[in-house]
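The values are calculated or read from the model by the stated rules, or taken from the named source; none is laboratory data. Here the structure is a predicted model, which is why all the values come from computation and not from measurement. Glycine gets a Cβ as well: all are built from the backbone with ideal geometry, and neighbour counts include every protein chain shown.
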Amino acid sequence: MPFVNIKITRDGATAEQKAQLIEGVTNLLRDVMGKNPQTTVVIIDEVECDNWGIGGESVTVRRARG
């Protein structure tokens, strides 16, 4: 039973885009590894930009700089 955990920033995707991610990852595991889509679990965690750091600063700060 495959388990996939995708982490994105909270403002990163619409409900439609998340549905496409879930379907796409499920299909990828089916096509590449022969995994059963009925037992594939995909979870999307949305993280606040203040709680996601890159290079010593938050995504909020990085995005504010442009």
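Tabulated data for the structure shown
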read-out: The stretch 38-61: number of residues that are surrounded by 13 or more Cβ atoms within 10 Å (Cβ to Cβ) and either among the aromatic types (Phe, Trp, Tyr) or under 15 Å from ARG10 (Cβ atoms) (or both); value: 9
read-out: The one condition in (1) over 14 Å from the mean Cα position of the chain (by Cα); (2) outside any helix (DSSP H, G or I); (3) more than 28 Å from MET1 (Cβ to Cβ); (4) not β-branched (Val, Ile, Thr) that ASP11 fails to fulfil; value: (1)
read-out: So VAL61, is it in a helix (DSSP H, G or I) and either modelled with pLDDT of 95 or more or in contact with a helix residue (DSSP H, G or I) (Cβ under 6 Å, 6 or more places away or on another chain) (or both); value: yes
read-out: Members of the stretch 28-50 found to be in contact with a helix residue (DSSP H, G or I) (Cβ under 7 Å, 6 or more places away or on another chain) and in a helix (DSSP H, G or I), listed by number; value: ARG30, PRO37, CYS49, ASP50
